[in-house]
Amino acid sequence: MKKIAILPLRKDSKGIPGKNKKKLLGRPLFSWALSEAAFSNLDAVYVFTDDTEILSFIEKEYSWNPKIKGLLRSDENATDTASTESVMIEFATAINHDFDILCLLQATSPLTTESDINAVLDKIEKENNDSSLTVVKTHRFTWNPDGTPQNYDPFNRPRRQDFQGLLVENGAVYATTKTVFSKSKNRLSGKIGLVEMDEASYVEIDSNTDWEIVEQLLAQRLQKRKSHNRIDYLVLDVDGVFTDGCVYFGAEGELMKKFDMRDGMGLEILRENKVEVVVMTSENSALVGERMKKLQINHIFLGVKDKYALLSQFLKDKKIGYDQVAYVGDDVNDLANICSAGWSFCPANGTEVVKRHADYILTHNSANGAIREVSEILMKYNKRYE
């Protein structure tokens with residue numbers, strides 16, 4: 001069965017201006033659900049949007065995954081009053097209904113995982129439902145406007161562990177077959193299957209308060225997954241890690257960056273001890289490219305805006321986990337990797353937000369021995385695996 005997904009995005013947002021592109025734990029909001037979909041059992045994932053900037057981002061940042069695609073959405077279906085079903089119908093028509101299962105993902109549910117998506121698909125593929133959705137179990141007591149209880153007896157208030165609770169839509173993932181969708185024009189119809197997600201996923205991002213809560217939840221989830229192993233890969237940002245974060249510009253553009261020669265020796269020692277070095281930076285700098293070649297670093301990724309998605313794919317290709325990775329970063333676009341890597345480091349002059357999430361705050365500044373310090377720490381750490 002051909003399984004495809006739509007991730008609808010609008011350019012304008014009244015609740016939180018520019019919400020879809022705003023950085024959540026260092027990544028654009030929509031990229032959280034999108035990268036999970038990229039590693040799921042879906043055959044294709046379409047970002048359906050009226051924002052050409054997002055389409056350009058998709059084309060560049062997800063070129064490593066051919067199943068991620070961008071598709072322009074009409075202005076008529078990108079208004080406050082347009083229903084999600086009308087967007088789904090427009091999308092299905094645009095791709096000539098070329099699917100067996102259509103999955104709807106929501107950018108405002110960044111806690112969605114590839115496992116959640118796969119479970120929703122399985123409800124149709126393996127359990128013969130016509131459609132399916134994600135829900136959460138809430139143990140809240142609910143009331144009617146007239147002051148009468150809906151789901152419990154106030155004179156026999158149950159303990160939480162004895163209360164079955166209610167299943168509530170969390171708006172994260174929906175799926176439907178082409179057959180029932182063509183008839184009902186609705187995301188849900190026919191025999192419906194339910195997939196229960198963690199209660200934390202009930203928080204959708206509709207306000208700045210929601211944003212802060214979800215960002216904290218995301219960081220905590222990534223950090224709880226951390227485990228430790230021998231470090232086989234050291235992944236480094238450039239500006240603010242290799243360099244002091246400053247750049248010298250002239251009439252012809254970028255002229256100079258400052259690097260510390262001691263860092264180069266530290267990396268050479270790591271390579272001699274079978275730790276590979278990876279460089280991943282958001283800047284597309286010819287100077288950086290030349291310096292990394294001089295340092296004999298083979299894995300160089302320049303101009304990367306979504307470092308977490310690319311690093312996840314890199315590790316998948318290498319058949320290793322984050323537990324075998326050390327990461328050094330200094331700013332917000334490093335946060336997701338800082339929270340995920342087996343060991344994460346921040347230079348002494350890094351930003352405060354990264355220091356709050358890093359496992360280790362270095363005693364040296366960037367371009368002043370920070371990478372050399374990391375190298376020595378990793379050499380000592382890896383001895384326990386000899």
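Laboratory data are not the source of any read-out in this text; all were calculated from the coordinates shown. As the structure is a prediction and not an experimental result, all values here were calculated from the model. Cβ coordinates were reconstructed from backbone atoms using ideal geometry, including for glycine residues, and neighbour counts include every protein chain displayed.
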For this session: Calculate one ³J(HN,Hα) per residue across region 272-283 by plugging θ = phi - 60° into the Karplus curve 6.51 cos²θ - 1.76 cosθ + 1.60, and present them in order as whole Hz with x for glycine and proline.
Result: 5, 10, 6, 10, 7, 10, 10, 10, 9, 9, 6, 8
Exercise. Calculated from DSSP H runs of 4 or more alone, at -39500 (n - 2.57) each and per residue, what is the 222 nm mean residue ellipticity of the chain, nearest 500?
Worked result: -9500 deg cm²/dmol
Exercise. Counting Lys and Arg as +1 and Asp and Glu as -1, each charge on the Cβ, what is the dipole of the chain about the Cα centre in debye, to the nearest 20?
Worked result: 840
Problem set entry | Max mean-square fluctuation residue, GNM over the chain, Cα-Cα springs under 10 Å, options Val120, Val277, Val247 | Val247
Exercise. Hey, what's the Cα Rg ratio for the chain versus the globular rule of thumb, 2.2 N^0.38 Å?
Worked result: 1.12
Problem set entry | When the convex hull of its Cα atoms is projected in every direction, mean area for region 151-253 (nm²) | 16.6
Exercise. When ranked by the protection proxy of mean other Cβ atoms within 10 Å per residue, highest first, what sequence do the peptides 74-86, 201-213 form?
Worked result: 201-213, 74-86
Exercise. D for region 3-224, whole µm²/s, Stokes-Einstein with Kirkwood Rh over alpha-carbon pairs at 25 °C and 0.890 mPa s: what number?
Worked result: 132
For this session: Compute the Rg to Rh ratio over region 117-175 from the alpha carbon atoms, using the Kirkwood formula for Rh, and round to two decimal places.
Result: 1.14
Seminar exercise, completed: If amide H atoms are modeled at 1.01 Å from N in the peptide plane, then the residues at a separation of 5 or more from Asn129, or on another chain, having amide H under 5 Å from its own are Ile124
Exercise. Arranged from highest to lowest average of other beta-carbon atoms within 10 Å per residue, in what order do the peptides 285-297, 259-271 appear?
Worked result: 259-271, 285-297
Problem set entry | Taking region 233-385 and dividing mean pair separation by its residue count, relative contact order in percent (alpha carbons under 8 Å, at least six apart) | 27
Problem set entry | Under Karplus coefficients 6.51, -1.76 and 1.60, residue-wise ³J(HN,Hα) of region 132-140 in Hz, glycine/proline x | 7, 7, 8, 9, 10, 9, 10, 9, 7
